[in-house]
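Working notes, structure below.
FYI, it's all coordinate maths here, none of it is from the lab. This one's a predicted model, so the numbers in the text were calculated from it and none came from an experiment. Ideal geometry is used to build each Cβ from the backbone, glycine not excepted, and the neighbour counts take in all protein chains shown.
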Amino acid sequence: METNNRNVKNEIAEKLGDEILRGSLGRFAEAYPAARAKAYENVADIDALREQVRQMKISTVADIEKVADKFEAEAKKRGAQVFRAKDGDALKKYLLDLCQEKGVKRIVKSKSMASEEILLNHTLEDAGLHVKETDLGEWIISLAGHKPSHMVMPAIHLNRDQVAGYFSKELKREISNDIPMMVQVARQNLRKEFLVADMGISGANFGIAENSAIGLVTNEGNARLVTTLPPIHVVIIGYEKLIPTIKDAAPILRTLPRNATGQLMTSYMTMTAGRTPLMVKQNGKWVEQDKELHIILLDNGRLKAAHDDKFKEIYQCVRCASCLNVCPIYTLVGGHVYGHIYSGGIGAILTALLNSQEDFDKINELCIGCRKCVEICPGKINIPGLIDQLRSQTVKEKGLPFGVRMVFENVLANRKVFHNLLRLASIGQKPFTTGNVIRHLPLFLAGMAKDRSLPAVADVPLRDRISKITKKIAKPSKRVAFFAGCNTDFVFPETGEAVFKVLQDLNMEMVFPEDQSCCGKPLLGMGDREIAKKIAKRNIIAFEEANADVILSSCPTCTETWHETYIDLFADDAEWKKRAERLAHKFREFTSFVSESYAKAGRLTPAAGGTKVTYHDSCHAKRGLGIYKEPRALLDATPGYDLVEMKDCDKCCGMAGAFGIKYTEISMPILKQKITNIKDTGAEIVAVGCPACMMQIQGGLDKQAPHIKVKHIAQLIADKIKE
């Protein structure tokens, strides 16, 4: 997995063909949400608990040097030796020198991702030391010659038959694939290692500055043996694991096991501080002496991150890996593809900050931006947001590929050129178009339309229909400017027509600023913030001139871009930031605004049933904007529809803009599961609130279940409005 040798596309193909991996990850992903929910069922306010973790971590990182100084002072007071390692090389030199000085030959280790991060075992073994991992999962992957594929369950990618094979090879005898038997074999084999080890190396789930205690949260007894039996104990702990007081451990202990494995508490919760007594045999007699305790505080990029306004957020991570457990990409391809040392979205960020930007660049595109990780993270880390920041950092330093940059600069940033090309595309696509979809493509493009039809560019875009659909409202209650975005304007103009119909039925004046263009999200997703600024400025000017009371969009992604990203883009430009903020306060998403308007007008009363409709939650709507009740209320209040919920209604459909095209091989399995869940409801219509989701789901249904139709909620409401 060296940076220069990685071909992620090939790795993806290999893992998607690995039925063992897919089965293991799939079963765990299926069982995990229920297990976590059960573990939290007696927690009155989960969000408040998460906020407690977040606030404690925020206050700690703001004072990290003082917290570290306090931890070191207390540790020394209790007889420990403390070494602050600037990087992995410094840590390894300290350990090698210590081993040489103390005559260490044999080392036992309990689980430590920090040691994996710096490839510690390789260095120790190259120096002739015998190193034995004693965590069961870590021992298994060491026998397999693998890196961890999960931060909590490092061998999750292997099944019992594979493990039995590795055990048989290591122990030179046939080992049954019976799991209890294999656990017993591991226990018998590893127990002797503890008894003869000269040194034990452990990690730490947290380190308490108040008393220098380290906390170990485990499901195996090996960590206690590693920290107590050998005469020398070495703790490797990153700065991000430090917390001020023992009280601060409580929210971590309440969230970490629940989020990691769905347990109220792990089998073992160990706290140890200072040097502890050890019985040794001298001159034929057992005597008591203190063990040696060495604590290594590892920096390796952590302190730099602590002083970065954005990336200090990684200190909110408690290493529960729940973000992996719900990540639709990780659960398909695993951590060896979606990872370097640390896995998944949080792993990509840690890779950039603790390893290298080059290693990050190899895997950063695998984040689909669905925000499932943010929703579940105990520290509320905005993982997709930090990945976007790192992408923009890469582009700022290295630039985009020449071809991509030319397209962005000369097409997307130029509204007239962009729109003229879309008009030409509507003509050029004719040989491949059936109705409003493209079902077949020629030559090397054929794979793109194999399992999913692609949307056709509309013959007549929304902007060319405005004069025909705009009604004159005598005394409008509001003036509403419509931001269509690329999809509604040029792919789904019928959705835009429906929006106009619904809002005009509410006695609101509708206007369409002609100079509006793409919101810029495709550029932002690629990390190009400079060209995105140019597009943002054009849109801001266009909508300032509209002089509207409300700016409305039928796309949650566009809405979130206006609400948050435009303001962030101009963080260093006071004038444009103020202008962006002024319009952001006016910007509304369709279902939220109409639901609110209907409620005020007394039109949100549930209606009788009718045609079965199921609803798919857009990631940007539910987890980005917090909008999920409103569309359901609208469907319930619209006569002629019977809403039936689908399984995993808020799970990503697999589109995510360019991701769905560039990584079709990952996008399709996600879409296939979504289609299965839709069919299981028996619904005739899938309601959506996002044009990109409509594009993806429509394409999948067209190939797999053409009898089921996809419509934007605006269309479903408009269909019931009498002329």
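See the values below:
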read-out	value
Calculated from backbone phi, Karplus (6.51, -1.76, 1.60) coupling profile of segment 580-586 in Hz, x at Gly/Pro	5, 5, 4, 7, 4, 5, 8
Per-pair calculated FRET efficiency, R0 = 56 Å: GLU288 and PHE402 via Cβ, rounded to 0.05	0.20
Long pairs among LYS537/LYS720; LYS450/LYS722; LYS15/LYS674; LYS416/LYS651; LYS70/LYS192, criterion Cα-Cα beyond 30 Å	LYS537/LYS720; LYS450/LYS722; LYS416/LYS651; LYS70/LYS192
Residue-averaged [θ]222 nm for the chain, counting only DSSP H segments that reach four residues, each worth -39500 (n - 2.57)	-14000 deg cm²/dmol
Separation of the VAL411 and ASN189 label points, Cα + 7 Å toward Cβ, nm	5.5 nm
For PRO180, net neighbour charge (Lys/Arg +1, Asp/Glu -1) across residues whose Cβ lies under 15 Å away	0
Given (i) 160, 66, 42; (ii) 80, 58, 53; (iii) 104, 57, 52, the label whose value is Cα extents along the principal axes in Å derived from this model	(iii)
Packing rank of 518-531, 180-193, where each peptide gets the mean count of other beta carbons within 10 Å, highest leading	518-531, 180-193
Net length gained if the chain between ILE58 and LYS475 were fully extended (0.36 nm per residue, minus Cα distance)	145.0 nm
Computed FRET value (nearest 0.05) for GLU544 with GLU564, which takes r as the C-beta separation and R₀ as 30 Å	0.95
Cβ crowding within 10 Å averaged over residues, with 472-480, 86-94 ranked highest first	86-94, 472-480
Under the Karplus curve 6.51 cos²θ - 1.76 cosθ + 1.60, θ = phi - 60°, whole-Hz ³J(HN,Hα) for segment 174-185, x wherever Gly or Pro sits	6, 10, 5, 8, 5, 4, x, 5, 5, 4, 5, 4
Simple label model, 7 Å out from Cα along Cβ direction - LYS310 to ASP680, nm	3.8 nm
0 to 90° range, to nearest 10: angle between helix 160-171 axis and the chain longest Cα axis	30 degrees
Added length on full extension, which subtracts the Cα-Cα distance from 0.36 nm per residue, HIS585 to GLU125	159.6 nm
Protection proxy ranking of 224-234, 13-23, 321-331 - average other beta-carbon atoms within 10 Å, highest first	321-331, 224-234, 13-23
Between 0 and 90°, nearest 10: helix 493-505 axis offset from the chain longest Cα axis	70 degrees
Calculated FRET value between MET271 and GLU596, using beta carbons and R₀ = 30 Å, to 0.05	0.05
Cα-based helix-to-principal-axis angle, 664-681 vs the chain, degrees rounded to 10	70 degrees
